[in-house]
Amino acid sequence: MNRPMNRRKNLLLAPLFALCLAAAMPRGMAQTLQREPPAPLPDLGELSSTALSPQQERRIGEEAMREIRADPSYLDDPEVEDYLAGLGAALAASGPGARQDFQFFLLRDDTINAFAMPGGFVGVHTGLLLASQTESELASVLAHEISHVTQHHIARMFGQQSQMSTLGLAGLLLGILASRSNAQVGQAALMASQAGMVQAQLNYSRDYEREADRVGFDRLQKAGFDVNGMVTFFERLQRATRMYENNAPAYLQTHPLTGERIADIQNRAHNAPYKQHVDRPEFQLVRAKVKAEQGVPSEEVAYFEAQLRDKRYASETAARYGLVTALIRARDFKRAETEMAALRAGAPAAGSPAAGSPMVDVLAMRVKSAGGDPKAAFDIGTAALARNTNYRPLQYALAQALQAQGQHDKALARLADLVKTYPRDPRLYRMQSESYAATGRGLLQHQAQAEVYYLQGSVPAAIEQLQLAQKAGDGDFYQQSAVDARLREMRRNNDDDKEKRRR
């Protein structure tokens, strides 16, 4: 979908060094492919020859994420993020680079796409979630993107493209990324790069894509997913791109998804032992949540009503989950209560494992909170947490339920314990800041908000918050000393980052 350039500027400029999922292939290719032994992969060189260190890769990714988080298309959804993190962790642990830290995030974009950035940041479009019919299909895309990161393709690209100017490389990659959402902008950026640079980069990208396919395929298989999910997803992309005919956007014209790659994947799947994979309940619930929270609320209500009426769903529980979510958005809280009761009562009888998902418990809490009963929401969450002690979205919802009741001291006590367990979770510090603000504790409010900005990679904004904390005038000696010490530490980190950027 096209957006005005001023709304997309930050997102397009940020992940300049991303390697995006290919989304096109020649028409009619599937009918002509032959079963042959998988083609050998090219020698891409030693990882030790890369031009970027792991620390530099992480820094590039963090700088990009600062811009991405500020973009309107960035979705801060703890339940979807938790699902993607769990799925990604299983895939990352099943192949090379298992110690690499990954962060998965969601973008509100109806195109079928995902992309990897340096340092382990992997973006997923909502369109990809909705287009994936099975969890193995979605996992195949994430496995491919994870492999781009673990194989250090971006750093290797720098080493192999030392003859290419940074400006030329940035112009090329910006054009490819821009055309994800605006073909005209992308084409203009590509035209600004020299033709030789474009062709050289595409040649390298073909090798990287083939390697990510192979490593991702092995990763998918070892993690216990159905490797045919990769084949079926590529076939779905083929059908989807036929609508473009000869007027494909610049991204689809230039990204190197070749017949050789498709044949290689099909042959590997043909030679692999069949393994059935049962989708986790959260897969369909996440898809329903994403669908219900886009577009016009009344239209999404009608969509899920039609699914349930005509029994056109992969999971009845997920369809009812989507309906309740859409009803909350439509502010029909009374009916949301009724449908939530039907979801709770009907799903177990139907034998749906999704009925026991903590996502359903969080939704029940949302219904009560939206209807003005945060006490009932807290009671539901307390009972659910006993069954799912490590599900962080439940912890968030419980703290928010206490805040909604004005019980900020209890919320802060709960959050303090969680921060000890998850010291790098910016959501927890954000909620702390809200409760400190509500109780008039300025120093602690700004101190907590500083940690939010710091963990999101915005050190200057964190420093500003600590300076505000110093001026709040309501902290004791120990609190003031802690702020002073943290401010000195952040200033040193900021100076170090500036020096590293100059190198």
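What follows draws every value from the coordinates through simple rules; no lab data is involved. Everything numeric in this text was worked out from a predicted model, so none of it was measured. Don't worry about glycine lacking a Cβ; one is built from the backbone with ideal geometry, like all the others, and counts go over all protein chains shown.
What the table below lists for this structure:
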{"read-out": "Gap separating the Cα centres of the range 352-399 and the range 470-491, nearest whole Å", "value": "36 Å"}
{"read-out": "Theoretical FRET efficiency, 1/(1+(r/R0)^6), r = Cβ-Cβ of T389 and A341, R0 35 Å, to 0.05", "value": "0.85"}
{"read-out": "Pairs beyond 28 Å (Cα-Cα), from K289/K334; K368/K471; K291/K410; K311/K334; K289/K410; K222/K291", "value": "K368/K471; K291/K410; K289/K410; K222/K291"}
{"read-out": "Within-14-Å neighbourhood charge of G295 [Cβ basis; K, R +1; D, E -1]", "value": "-1"}
{"read-out": "Order of V231, V324, V367, V278 - criterion: other Cβ atoms within 10 Å of each residue's Cβ, fewest first", "value": "V278, V231, V367, V324"}
{"read-out": "Mean Cα-pair separation over length for the range 406-503, i.e. relative contact order, pairs under 8 Å, 6 or more apart, %", "value": "21 percent"}
{"read-out": "Over the range 406-503: Rg over Rh, Cα atoms, Kirkwood Rh", "value": "1.01"}
{"read-out": "Cα-projected label distance for Q467 with S298, points at 7 Å along beta-carbon direction, nm", "value": "4.9 nm"}
{"read-out": "Length released on extending from L130 to R492, taking residue separation times 0.36 nm less the Cα-Cα span", "value": "125.9 nm"}
{"read-out": "Cβ-based exposure ranking for I463, I146, I265, in which fewest neighbours within 10 Å come first", "value": "I463, I265, I146"}
{"read-out": "Cut-off under 5 Å, modelled amide H: who pairs with Q103 long-range", "value": "F121, V122"}
{"read-out": "Order of T232, T389, T325, T439 - criterion: other Cβ atoms within 10 Å of each residue's Cβ, fewest first", "value": "T389, T439, T232, T325"}
